[in-house]
Amino acid sequence: MADGNGNLVQLIGKDFKSDQEVRWCPGCGDYAILNVIQGFMPELGLERERIVFVSGIGCAARFPYYMQTYGMHSIHGRAPRSRCRTRTRSARARDRARA
């Protein structure tokens, strides 16, 4: 990925960690999932601005707060639908930019 000046920039796991304090119960498996995802994201080679995490309700719903990407909460059972709308809108914006 390139910065605003066209220079190649390599992201690391720390680049995907937000400044928010993680507030899950000690021993919760969500910690392991968060650490794996934050460590894996640089391997995708995507700009953080092109990534969206959509969550529902419950403890795991805090996930977008802990990622240094775009994120949103949705109501119970609506996360997949919200994600579809996000993708559709971003595709429309991309198409308008190409025109």
Review point. Could you list, in sequence order, the residues of region 8-22 that are assigned to a loop (DSSP other than H, G, I, E, B), modelled with pLDDT under 85 and surrounded by 14 or more Cβ atoms within 10 Å (Cβ to Cβ)?
Key: none
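Table: residues versus (1) free of Cβ contacts under 8 Å to residues at least 24 places away in the same chain; (2) touching a strand residue (DSSP E or B) at 6+ places or on another chain (Cβ under 7 Å); (3) aliphatic (A, V, I, L, M); (4) under 23 Å from S74 (Cβ atoms).
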residue	(1), (2), (3), (4)
D19	yes, no, no, no
G27	yes, no, no, no
N35	yes, no, no, no
M41	no, no, yes, yes
E47	no, no, no, no
F53	yes, yes, no, yes
I57	yes, no, yes, yes
Study note, to complete from the structure: Flagged in region 13-49 as within 12 Å of the chain's Cα centre (by Cα) and among the hydroxyl-bearing types (S, T, Y), in numbering order, are S18
Review point. Has region 50-58 got any residue that is more than 12 Å from the chain's Cα centre (by Cα) and either at pLDDT below 60 or loosely packed, with under 13 Cβ neighbours inside 10 Å (or both)?
Key: yes
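The values are calculated or read from the model by the stated rules, or taken from the named source; none is laboratory data. Note that the coordinates shown come from a computational prediction; the quantities given were computed from them, not determined experimentally. Quick reminder, even Gly has a Cβ in these numbers, built from the backbone with ideal geometry, and neighbours come from all protein chains shown.
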